[in-house]
C-alpha cells in the first residue's frame, strides 16, 4: 500500500499547480484579454471531481482518527472539514460564473474575479493548513489500523490527470502543465509548490 501521506502531499502539489494555472488565466481575463475558458473549465472539473470526491473523503476519515488520538487538533480539523464544504460551494459558484462568461452572457468581470479569488484563497489556505498542521501529526499518531480504515473508506480511483492513463478530456490540460514544467516530479521535497500558500 502506498504511503497515504506521500500520496496526499503529491496531490497537494498538483492541486497547487492547477490553482496557479487557474490564477494565470484569471489574470489574463482581468487584463481585458480572452483567457482559455476550456482550460479553466477543465481545471475546475478536475478539482471538483477528483479532489472533492476522491481526495477529500479519505482525509475526513484520517481527521476523525487523528482527533481520537489528539483532542488538541479538534479545532483545526473542524475548520478543515468546514473548508471542504466551502471549497465545494466556491467551486460551484466559480463554475456558474465561468459558464456565464464562456456563453458570452453579458456579465461583469468582477463576479468571475471574485469567485475565483474566493476559491483560490480558500483552497490555498486549506492545503497550507493540512501540510503544516495535520499531516505531521497524522504521521506521528495514526496507526496501521487507522490507515487501513482510511484506505477502506473510499474505493481507489486513479488520477485522471496526473496518473498514467490521462482521460481524453484532460489531454490538453496535461500537455499545458508539462509545457510549463509544472508536472509533479518524484522526489519533491515536503512543501514544494506550497510555500507561501
Original post:
Can you tell me which residues in region 104-121 are crowded, with 19+ Cβ neighbours inside 10 Å and at pLDDT 90 or above?
Top reply: 115, 116, 119
Subject >> Criterion: at pLDDT 85 or above, within 18 Å of the chain's Cα centre (by Cα), in a loop (DSSP other than H, G, I, E, B) and loosely packed, with under 14 Cβ neighbours inside 10 Å - qualifying residue of 163, 196 >> reply: 163
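Residues of region 31-40 being at pLDDT below 90 and either surrounded by fewer than 16 Cβ atoms within 10 Å (Cβ to Cβ) or closer than 15 Å to residue 167 by Cα (or both), which ones?
Answer for region 31-40, where residues must be at pLDDT below 90 and either surrounded by fewer than 16 Cβ atoms within 10 Å (Cβ to Cβ) or closer than 15 Å to residue 167 by Cα (or both): 31, 32, 33, 34, 37, 38.
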Subject >> region 41-92 - residue that is buried (at least 17 other Cβ atoms within 10 Å of the Cβ) and out of contact with any helix residue (DSSP H, G or I) (no Cβ under 8 Å at 6 or more places or on another chain) and, of those, nearest to residue 147 (Cα to Cα) >> reply: 54
**OP:** Restrict the check to region 1-8 and report whether at least one residue is within 20 Å of residue 125 (Cβ to Cβ) and without any contact (Cβ under 8 Å) to a residue 40 or more places away in the chain.
**Re:** no
**OP:** Counting only residues that are at positive phi, give me the helices (runs of 4 or more DSSP H) lying completely in region 1-113 with at least 1 of them.
**Re:** none
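The values are calculated or read from the model by the stated rules, or taken from the named source; none is laboratory data. Just so it is clear, the model here is predicted, and its values are computed rather than measured. Quick reminder, even Gly has a Cβ in these numbers, built from the backbone with ideal geometry, and neighbours come from all protein chains shown.
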